[in-house]
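Only one structure is covered here, and it is reproduced in the block below.
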Amino acid sequence: MSRALISLLCGLIFGVGLIVGQMTNPAKVIGFLDFSGQWDPSLAFVMAGAVAVFSIAYRLALRRHVPIFEKKFLIPGKTRLDKPLIIGSLIFGVGWGLAGFCPGPAIVSSGFGEPRVWAFVVAMLAGMLVTRALRR
Amino acid sequence: MTIVNFTPFSALVGGALIGLAAAGMWWLLGRIAGVSSVLGNAVGAKGSDLMWRLAFIGGLLAAGIVAATMFPDAVHFEMESGYLQAVAAGLLVGIGTNLGGGCTSGHGVCGVSRLSVRSLVATGAFMASGFVIVFVMRHLL
């Protein structure tokens with residue numbers, strides 16, 4: 001139970017961060033990606049803020065060897081560069097630029113009541129699940 | 001190139017909150033807060049694995065609902081794309097993040113912080129294709 005509560009709180013803080021940083025505003029995201037026109041560099045600062053905090057916390061946490069409420073740290077195991085990583089990331093970037101949403105902000109802004117966001121989220125889930133099924 | 005709508009302060013604060021939430025998931029539960037993986041792997045998960053995933057997603061959603069209903073002035077939202085474009089983009093994001101094993105949070109924030117080579121390459125790739133598609137849409141079409 002406490003694990004679910006921690007996840008809920010972290011999700012909530014994560015969501016508030018996305019809203020405050022305006023990652024949940026598609027126009028802002030596209031303004032960041034519009035490098036050659038009128039450029040809004042704000043999202044680079046969102047990323048910098050997040051990376052600054054997490055890169056320190058990540059290393060401090062590892063000093064303990066185990067997380068506080070779990071038996072081990074689940075460090076992503078893959079280290080090799082491969083085709084799915086690169087092709088998948090390129091495809092993701094196209095979708096990101098097309099509507100101005102990546103997965104986290106899309107979920108958060110589903111709460112804003114705009115049906116076009118719900119359409120995006122349903123399509124995103126379908127894309128994830130079909131790809132996962134085909135890869136098995 | 002001209003700089004417009006630049007909001008460095010709120011961007012840094014928002015980013016720090018995202019980093020804090022990711023730090024909480026890591027320090028307390030040993031999990032990487034990568035939204036595409038948390039969501040994608042929730043389908044088919046069972047028991048406590050399913051619970052923490054749903055709880056995290058629920059927290060994200062709750063942030064959106066609470067902000068929009070209680071603090072509407074704090075929510076900036078401007079969406080140009082119609083349904084067709086939203087669905088196409090959603091499909092591409094779903095397919096791409098599953099193939100690439102992560103999105104802006106898992107690769108872009110957590111992986112970059114860990115200095116994971118895979119995440120650095122993935123982040124460079126999705127930024128690059130994002131820049132290209134926006135350039136094409138805004139300046140060529």
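Quick note: the coordinates plus some simple rules give every number you see, no bench work behind them. Only a predicted model underlies this, so the values are computations on that prediction, with no experimental measurement involved. Reconstructed Cβ throughout: ideal geometry from the backbone, glycine too, with neighbour counts over all protein chains shown.
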query: Which of the DSSP-defined H helices in chain A satisfy a minimum axial length of 18 Å, computed from C-alpha atoms, and a minimum mean Kyte-Doolittle hydropathy of 1.0?
result: A:2-20, A:42-62, A:83-99, A:115-135
- line: Note: B:34-41 gets an average of partner chain Cβ contacts (10 Å, Cβ to Cβ) equal to 6
Ranked by how many other beta carbons lie within 10 Å on average, peptides A:111-117, B:94-100, A:123-129 from highest: B:94-100, A:123-129, A:111-117
query: When the gyration tensor of chain A is built from Cα positions, what are the square roots of 5 times its three eigenvalues, in whole Å, from largest to smallest?
result: 27, 21, 19
query: Based on the Cβ-Cβ distance from A:Glu114 to A:His65, what FRET efficiency comes out when R0 is 35 Å, to the nearest 0.05?
result: 0.20
Cβ neighbours within 10 Å from other chains - mean over A:56-64: 4
- request: Enumerate the amide H contacts of A:Trp39 below 5 Å, restricted to partners 5 or more residues apart or on another chain; note that Pro and chain-start residues carry no placed amide H.
  value: B:Thr2, B:Ile3, B:Val4
- request: Give the share of C-alpha pairs in each 5 angstrom bin for chain B, from 0 to the last occupied bin, in whole percents, shortest bins first.
  value: 2, 8, 12, 18, 21, 20, 13, 5, 1, 0, 0
- prompt: Per the Debye formula with a single identical scatterer at each Cα and no solvent contribution, what log10 I(q)/I(0) holds for the stretch A:1-78 at q = 0.15, 0.17 Å⁻¹?
  reply: -0.73, -0.86
task: Give me the Debye-computed log₁₀ of I(q)/I(0) at q = 0.20 Å⁻¹ for the stretch B:73-141, equal point scatterers on Cα only, no solvent, two decimals.
output: -0.96
query: In terms of modelled amide H atoms, which long-range or inter-chain residues lie less than 5 Å from the amide H of B:Gly101?
result: none
- request: Return the calculated 222 nm mean residue ellipticity for chain B, to the nearest 500 deg cm²/dmol, obtained by summing -39500 (n - 2.57) across DSSP H runs with n ≥ 4 and dividing by the residue count.
  value: -21500 deg cm²/dmol
field: Segments B:130-139, A:48-57, A:71-80 sorted - mean Cβ within 10 Å per residue, highest first
entry: A:48-57, B:130-139, A:71-80
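Cα convex hull of the protein assembly as shown: how many Å³ per residue?
Residue-normalised Cα hull volume stands at 117 Å³.
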